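The values are calculated or read from the model by the stated rules, or taken from the named source; none is laboratory data. Bear in mind the structure is a predicted one, so any value in this text is a computation, not a measurement. Neighbour counts are summed over all protein chains in view; Cβ atoms, including those assigned to glycine, are modelled from backbone coordinates with ideal geometry. Just so you know, the surface numbers come from the protein's heavy atoms only, side chains and all, with ligands and any DNA or RNA stripped out. Shrake-Rupley method; radii C 1.70, N 1.55, O 1.52, S 1.80 Å.
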Amino acid sequence: GTPTLLPPADLVRVLRAIDGEFGLAPGAEVTTEANPESVDAAALAVLREGGFTRMSFGMQSASEHVLRVLDRRHTPGRAAEAVRLAKAAGFEHVNLDLIYGTPGESDADWRASLTAALAAGPDHVSAYSLIVEDGTRLAARIGRGELPMPDDDVAADRYLIADELLTAAGFAWYEVSNWAASEAARCRHNLLYWTGGDWWGVGPGAHSHVGGTRWWNVKHPAAYSARLAKDVSPAHAREVLDPSDQAVERLMLQLRLSFGHPLSEVDPAARPAVHRAMAEGLLDESALAGNDQIVLTLPGRLLADALIRDLIV
């Protein structure tokens with residue numbers, strides 16, 4: 001589940017209700033996210049004993065001035081303490097989310113953040129380039145000229161630093177923005193999305209996908225609750241993906257994964273773009289020769305979005 005203001009005991013009750021209604025598969029991965037300052041040892045113990053198996057913390061940065069720009073409340077070091085507490089509570093899998101490219105962040109700041117994250121001992125790290133969302137305080141500050149807009153070239157350099165340090169620490173990328181210490185540490189929750197699986201989202205604004213049909217709920221909590229109280233579906237709208245739509249989505253998502261996308265599923269009209277990308281070193285020749293898969297190289301990961309656009313015809 002995504003970050004929530006529900007107390008741990010309420011989250012456990014939600015999980016028990018799901019188990020009672022649908023049943024949890026043996027060995028199911030049950031994930032929740034938290035801000036580092038919002039949990040303590042007691043809360044984590046309740047979650048672990050209640051059936052949650054994986055924790056994800058929004059560390060973002062180890063630099064205090066970067067956290068201020070991002071309007072994060074926790075202090076440097078708090079995320080590392082949260083990881084320690086989660087592991088002590090019995091969580092085998094713990095993730096830290098990092099953000100790079102924040103205005104004012106230096107290469108040294110980013111290296112320090114990665115070093116601090118690795119020292120905390122998670123078995124999974126997600127690193128995302130900063131996206132400035134409209135309507136946020138950060139967007140307003142950039143719009144007024146108080147802060148510079150994040151730079152794409154800087155973001156590319158930061159990505160290379162991340163891959164360098166994480167790989168040296170024994171982590172392997174399995175999705176463009178995600179690294180895991182082992183195959184077991186990979187986030188099954190996210191892999192379900194990236195491989196086109198089925199999922200049922202519960203809550204205001206939640207999205208679902210089952211059998212090629214995607215739908216999403218009304219966004220406002222009051223409207224969502226009112227519909228449930230009247231025994232009316234909270235779904236707001238839906239779309240049915242035709243075979244062409246599904247093929248495009250598979251390409252967009254699977255090419256971001258370390259095992260790539262079958263060349264046989266690429267439209268013949270896009271094969272010249274595949275060969276160009278291969279010649280430019282953006283795709284792994286050995287993966288294509290050995291498994292008929294198109295797999296991004298490290299330079300290819302930096303240009304993944306542009307390459308995917310070239311392959312959609």
Which residues, counting only those in the stretch 35-90, are open to solvent by 10 Å² or more (accessible area, probe 1.4 Å), β-branched (Val, Ile, Thr) and over 18 Å from the mean Cα position of the chain (by Cα)?
39, 46, 69, 75
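Which of the residues spanning the stretch 247-264 are open to solvent by 70 Å² or more (accessible area, probe 1.4 Å) and part of a helix (DSSP H, G or I)?
250, 252, 264 - these are the residues of the stretch 247-264 that are open to solvent by 70 Å² or more (accessible area, probe 1.4 Å) and part of a helix (DSSP H, G or I).
Let's see how each residue does on (1) in contact with a Leu (Cβ under 6 Å, 6 or more places away or on another chain); (2) open to solvent by 20 Å² or more (accessible area, probe 1.4 Å); (3) aromatic (Phe, Trp, Tyr):
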{"residue": "148", "(1), (2), (3)": "no, yes, no"}
{"residue": "154", "(1), (2), (3)": "no, yes, no"}
{"residue": "167", "(1), (2), (3)": "no, yes, no"}
{"residue": "175", "(1), (2), (3)": "yes, no, no"}
{"residue": "203", "(1), (2), (3)": "no, no, no"}
{"residue": "211", "(1), (2), (3)": "no, yes, no"}
{"residue": "215", "(1), (2), (3)": "no, yes, yes"}
Considering every residue within the stretch 265-278, establish whether at least one is outside any helix (DSSP H, G or I) and within 25 Å of the chain's Cα centre (by Cα).
no
Subset of the stretch 1-28 that is assigned to a loop (DSSP other than H, G, I, E, B) and more than 22 Å from the chain's Cα centre (by Cα) - its residue that is modelled with the lowest pLDDT:
7
If you take the residues in the stretch 135-168 that are part of a loop (DSSP other than H, G, I, E, B) and acidic (Asp, Glu), which one is farthest from residue 101 (Cα to Cα)?
146
